[in-house]
Amino acid sequence: MTILDVDIRPFNPRDASEREFVGRSDFYNRLLAEQMPLFPPVSAEERKAGWQNMPAFIEGDYWNIWDALGLAVVASAYVNFARLPENRHVIEFDIAILPEYRRQGLARRLLERVVALPQREGRRLMIGWTNSRIPAGEAFMRRIGAQQGLIERTSVLEVADLNRELMCQWQEQAQQSASDFELGLWDGSYPEADLAAVAALVDVMNTAPRGTLELEDEHTTPEQLRQRQQQRLARGQILWTLYARHMPSGELAGFTEVVWNPRRPEIVMQGGTGVWPKYRNKGLGRWLKAAMIEKVLRERPSVKRFVTGNAQTNAPMLKINVEMGFKPYHAEYAWQIETERVLHYLAGRR
């Protein structure tokens, strides 16, 4: 395939044909095998359910590039944003290409389409991610003039490497140093009566490092939680959220969450973990993580590994994870670039 005969087609994630869903899903499984070989393929059915149940506040444009015979997707791109009160200056984009089709000008052709949305919406800043296992992504970002704003470490904990005795120690120590706190669990969907409290608690993630990315704090609403819950349920994901409550005040102090899918019974994805600053240094983070991992191993005996991601500068959380036995797997890099600079790059290439 050359840049002269590429077949770039728009992809509507909410209403694509079965062939389009399967083609895009197969493409992402090829990338998954390159980025995370330990992760099994995801079925087209599951991906389709996730795309069709995307939260309504997420808007964007999507494209596929098919091979010369129209049999397989060899490259894809998306550009989207959350229509929320915060971060109205930002869009997120991604361009991905199979190894045998890289360095043929396809990324630039897709970028020409991607940049139309931030122009249309008046969004001045574009943010994209690359993976350390695919150096071509970083090379492209540097070529267009993007600046690296954040490094996130993806780590894996093999259950065989977990120090179960240490997990017990953490829980015992926390029950002494944080005796005025109690743990509670939301199993699966958040109860309707707790949605407002959960939304407020999730905002603790605004305290996580963002590097030099030009991002504002975002404030989660109950409706956003409902829509994200629906997407998880549609994909067959099971969410457990363990929270810590300060008993004297009744305030929620922190939480940790994990996602498990029976289609991939050996893997648990560790989601967000956060404790409000005024409740830190009491061992709550360790207590939450240890209690959650013990629950998973007790009730999900098929699980063999946990996967998580943390900003490289998030020293406190990385310290906890390393003590638990998590080992670095790969790095992901967040890049930002002004929309005007992208347009300047494209004009020069033309």
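If the condition is being open to solvent by 30 Å² or more (accessible area, probe 1.4 Å) and either in a strand (DSSP E or B) or of a type in the set (A, V, I, L, M) (or both), then region 38-53 contributes only Leu38.
Counting just the residues of region 175-207 that are part of a strand (DSSP E or B) and of a type in the set (Asp, Glu), which one comes out least open to solvent (accessible area, probe 1.4 Å)?
Glu182
Checked against the criterion of being under 20 Å from Ala311 (Cα atoms), surrounded by 17 or more Cβ atoms within 10 Å (Cβ to Cβ) and of a type in the set (Gly, Ala, Ser), region 90-111 contains not a single residue that satisfies it. Those residues that are among the β-branched types (Val, Ile, Thr) and not in a helix (DSSP H, G or I), I need them from region 147-174; list them, please. Scanning region 147-174 gives Ile151, Thr154, Val156. Of the residues examined, Ala253 is one that is open to solvent by less than 60 Å² (accessible area, probe 1.4 Å), in contact (Cβ under 8 Å) with a residue 12 or more places away in the chain and in contact with a strand residue (DSSP E or B) (Cβ under 8 Å, 6 or more places away or on another chain).
Among the residues examined, Val156 qualifies as surrounded by 14 or more Cβ atoms within 10 Å (Cβ to Cβ) and under 18 Å from the mean Cα position of the chain (by Cα). For region 230-250, how many residues are aliphatic (A, V, I, L, M), closer than 25 Å to Glu45 by Cα and open to solvent by less than 30 Å² (accessible area, probe 1.4 Å)? Total meeting the criteria: 1.
Out of all the residues in region 75-88, is one or more surrounded by 15 or more Cβ atoms within 10 Å (Cβ to Cβ) and in a helix (DSSP H, G or I)? There is no residue in region 75-88 that is surrounded by 15 or more Cβ atoms within 10 Å (Cβ to Cβ) and in a helix (DSSP H, G or I). Looking only at residues of region 126-143 that are in contact with a helix residue (DSSP H, G or I) (Cβ under 8 Å, 6 or more places away or on another chain) and surrounded by 20 or more Cβ atoms within 10 Å (Cβ to Cβ), we find that the one that is nearest to Arg298 (Cα to Cα) is Thr130. Can you pull out the residues in region 81-116 that are of a type in the set (A, V, I, L, M) and either closer than 29 Å to Ala33 by Cβ or in contact with a Leu (Cβ under 8 Å, 6 or more places away or on another chain) (or both)? Selection gives Val90, Ile91, Ile95, Ala96, Ile97, Leu98, Leu106, Ala107, Leu110, Leu111, Val114, Val115. Being among the small types (Gly, Ala, Ser), assigned to a strand (DSSP E or B) and open to solvent by 30 Å² or more (accessible area, probe 1.4 Å) is the filter here, so list the residues in region 293-350 that pass it. Answer for region 293-350, where residues must be among the small types (Gly, Ala, Ser), assigned to a strand (DSSP E or B) and open to solvent by 30 Å² or more (accessible area, probe 1.4 Å): just Gly309.
Every residue, every condition in (1) among the small types (Gly, Ala, Ser); (2) within 30 Å of Leu252 (Cβ to Cβ); (3) touching a residue at least 12 places away in the same chain (Cβ under 8 Å), yes or no:
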residue	(1), (2), (3)
Ile134	no, no, yes
Ala139	yes, no, no
Arg142	no, no, no
Asn163	no, yes, yes
Leu166	no, yes, yes
Gln173	no, yes, yes
Asp180	no, yes, yes
Gly184	yes, yes, yes
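When Pro316, Pro277, Pro248 are checked against the criterion of being of a type outside the set (Val, Ile, Thr), free of Cβ contacts under 8 Å to residues at least 60 places away in the same chain and more than 29 Å from Arg142 (Cβ to Cβ), a single residue qualifies: Pro316. Do we have Leu288 as open to solvent by less than 10 Å² (accessible area, probe 1.4 Å) and assigned to a helix (DSSP H, G or I) here? Yes; evaluated as a whole, the condition is true for this residue. Just so you know, in region 4-37 the residues that are touching a helix residue (DSSP H, G or I) at 6+ places or on another chain (Cβ under 6 Å) and open to solvent by 50 Å² or more (accessible area, probe 1.4 Å) include one that is modelled with the highest pLDDT, and it is Val22.
The values are calculated or read from the model by the stated rules, or taken from the named source; none is laboratory data. The structure displayed is predicted, hence computed values, not measured ones. Note: ideal-geometry Cβ built from the backbone for every residue, glycine included; neighbour counts use all protein chains shown. Side chains are part of the model used for accessible areas, which takes the heavy atoms of the whole protein and leaves out ligands, DNA and RNA. Shrake-Rupley method; radii C 1.70, N 1.55, O 1.52, S 1.80 Å.
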